[in-house]
1. Six or more apart or on different chains, Cβ atoms under 8 Å: show the pairs whose first residue is in region A:1-20 and facing another protein chain (nearest Cβ under 8 Å) and whose second is basic (Lys, Arg) and outside any loop (DSSP other than H, G, I, E, B).
2. Among the residues of region B:19-64, count how many are free of Cβ contacts under 8 Å to residues at least 40 places away in the same chain, closer than 28 Å to residue B:190 by Cα and more than 12 Å from ligand 1 (Cβ to nearest atom).
3. Within the set of pairs 6 or more residues apart or between chains, which connect a residue that is assigned by TED's automatic domain parsing to the domain that holds residue A:174 inside region A:310-338 to a residue that is among the acidic types (Asp, Glu) with Cβ atoms less than 9 Å apart?
4. Would you confirm, using the coordinates I've provided, whether residue A:170 is closer than 25 Å to residue A:80 by Cα, outside any loop (DSSP other than H, G, I, E, B) and touching a helix residue (DSSP H, G or I) at 6+ places or on another chain (Cβ under 6 Å)?
5. Criterion first (at pLDDT 90 or above, assigned by TED's automatic domain parsing to the domain that holds residue B:93 and of a type outside the set (Asp, Glu)) does residue B:194 satisfy it?
6. Having 2 or more residues that are within 13 Å of chain A (Cβ to nearest Cβ), aliphatic (A, V, I, L, M) and buried (at least 16 other Cβ atoms within 10 Å of the Cβ) is the bar; report the helices (runs of 4 or more DSSP H) wholly within region B:62-171 that clear it.
7. Of the residues that sit in region B:264-291 and are under 24 Å from the mean Cα position of the chain (by Cα) and among the basic types (Lys, Arg), which one is surrounded by the fewest Cβ atoms within 10 Å (Cβ to Cβ)?
8. Could you figure out which of (1) modelled with pLDDT of 90 or more; (2) crowded, with 18+ Cβ neighbours inside 10 Å isn't true of residue A:322?
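The values are calculated or read from the model by the stated rules, or taken from the named source; none is laboratory data. Remember, predicted model here, so these are calculated numbers, not experimental data. We place every Cβ from the backbone using ideal geometry, glycine too, and count neighbours over all the protein chains shown.
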Amino acid sequence: MRTPLAWYNSIEQPRRTAAAVGGMSFALLLIFMQAGFLGAARTNVAVIYLALDFDLVIHSRAYLTLPRSEPFDRLRLNQAAVVPGVARVTRFLTDSFGWRNAASGDSAGGFMLAVPADAPVFLDPEINRQLAAVRPTLTALVDRKSRPGYGPWRVGDKAVLNGQPTLIAGSYELGMGLLTEGSVIVSDETYERLQGPWHGRIANLGLVKVAPGADVAAVADALRAKLPQDVVVATRADIIRREQNYFINVKPVGIMFQVGMVVAFAAGAAILYQILASEMNNRLGEFATLKALGYPASAIYGIGIQQGLIYALLAYGPALLLAAGFYRVARELSGFPLHLDLGRAGFVLGLALVMCAIAAVLSLWKIRRADPASLF
Amino acid sequence: MSSPVPRETAIAVADVDHHYGAGEARKQALFGNRLDVRAGEIVIMTGPSGSGKTTLLTLIGTLRSVQAGSIRLFGTELAGLSPAEQVRMRRQIGFIFQAHNLLEALTARQNVKLALELSDTPPAEHDRRADAMLEAVGLGHRLHYKPRHLSVGQRQRVAIARALVNRPRIVLADEPTAALDQESGANVVALLRRLADDQGAAVMIVTHDNRILGVADRIVNMVDGRVVSDIRIRETMLICAILKQCDVFKEMSPSDLTDVAQKMAEERFPAGAAIIRQGESGEKFYVIAAGRAEVRRTAEGSAPAVAILGAGGFFGEVALLRDQPRNATVVALEPVVAYTLAKADFLGALRTHKSFEDQISAQLFHRG
Ligand SMILES: Nc1ncnc2c1ncn2[C@@H]1O[C@H](COP(=O)(O)OP(=O)(O)O)[C@@H](O)[C@H]1O
Ligand SMILES: [Mg+2]
């Protein structure tokens, strides 16, 4: 059949088509949002690791997730430093803290990250460059992507961290997204002042950089052989995956997004099926006529499938545009890393096509009932 | 020997039974039907509701599978065709339904093209062919109208254009004029007549519309699943008109003439064929409907032409009346269409009609 009948049928029934396209668009938009949040959460939960430059990480055996990382004896870092193939071991400390804006009085929470002031362990050269500025005690770098709850501040102002006035010596861009409201970076000495002196004996993480040319896995094995059982050695990829797995598959938030996606998918398929089936039903006489003209059943099934495809593709366009808009709004309001990349656009397009296939297959049995003998 | 050339049989229905339902609900709708339709013929089927007309039409149209008996369309047997073969077969048939069954989303032209797209017509020709067909049904000014913007009659004409655009050799129509006014109905029927005459299509029309009986070659009446009568109307009228030209039949009443005509059969002879030969025994009476023939009588070794016969001319009666061998040879000079009456029917007609007998006697006297 050269005539694009499915297309003509779609424009001939603008209301039905609009209902199908509207319903599908909404379902696809929901999927976009859920997938966006899920993807952003994946990035978000590992945001601190993603900002750090390391090959292997040493953490406590009781480690659950970075914001709740059990500390371990910093002596382990010294033991690790002498293992062959290890180029550098950096002590990393982190805990939550209380922020109060000295000028405006705004207060909020956040994560305090601490490294020795002479250890350039961040991937962002802007941060590494500014580490020198936090060498004096009670100075800090502040995340420009901290929430508005931090109040207005500028480099050179004073902020009250855990009750102690601290100089804002610089700023950087990281963004904690859903994890917490903001972050500051301080030296390990300042950290001990602000969080309590006993922190001097511990570390939350040991960030290991292997020597150029050394085999990461071999160094990891050597570290495991050397270090006592109270710590664990993990690769960069392992710790990021573990962090994401904890959030996506263990915490209810991640599961919620996944369930939301499944529900939106099912709803989209159901809407498409409903409308496609009623379209097929209303056109049974026309399909019977096509059979009488001599069109084979396959050509007529083809019309049903094309009709589903048209609905799905027409719905995809607006959903994509709306999602891009909503992503942008959400990104600007929450600093949450929602991005519309090609992979996600393709993923949702794939889901739309699967929806269309399911709905088409379910509604095609109706076409079988189109009987040309009933026309006379 | 004569060599008649009958027109091709388009539809041959033989011993066709049909049952609906199964088990307790099984019900026979057709009983041992026979029907032959020749190319170029329009057959009108009538009969009370439920008599099986539609069932027979759907069987012929390969919209249902033949259960028992045989249906051949131009020699192709329909019984036992696979579904794919049935689909291919349908492409050779033009269907006209009572409801127009156009596709609502398509314009008149697009509806007609839908049928063209199943043919071998090159795609570049589709628009032109569709437009020409719509022009032919008087809708040249409605090419881009969708069905809902057309009148009932116009829709039916689009449907007819769609059915006829591939020049099908078989057209099946169920109540095609039921939804039409007098004038549109007459137009539709005229169109079908032209298709039958010009392209030799076999047309079957189920109808109760007696306004259109006039176009039919035959009227087939069905009752309770059986063909109960098969009247060759158009041919009978044609024969009557020819018989009226013959001196011998001039005086006959129309009803007697019709009786004679219905008993006559058409036979065709190519130029040069001997229709009867001197010395053979006579079994038939001949009336020439078209073409010329020469009468030759052999005497002392030579066979001079004694007469030339044209349309309305008749011969063969002498041998029948006197129960003698043929006294002359008649040879077709051109292709000849003749109607023949068997000896028994000829003598029967003679007996019931006195003046006919007188005429013949006079003729016999004349011809010696
Ligand atoms: N699809 C069907 N299922 C069962 N019985 C049918 C069906 N179609 C027709 N019949 C029966 O077959 C008989 C002949 O019907 P039909 O061919 O439609 O007659 P007509 O067209 O002359 O009115 C009727 O008794 C009718 O009830
Ligand atoms: Mg009927």
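1. A:2/B:113; A:3/B:113
2. Looking only at that region, the number is 2.
3. none
4. It is false that residue A:170 is closer than 25 Å to residue A:80 by Cα, outside any loop (DSSP other than H, G, I, E, B) and touching a helix residue (DSSP H, G or I) at 6+ places or on another chain (Cβ under 6 Å).
5. In short, no.
6. B:83-90, B:108-116, B:152-164
7. B:268
8. Going through (1) modelled with pLDDT of 90 or more; (2) crowded, with 18+ Cβ neighbours inside 10 Å one by one, residue A:322 breaks only (2).
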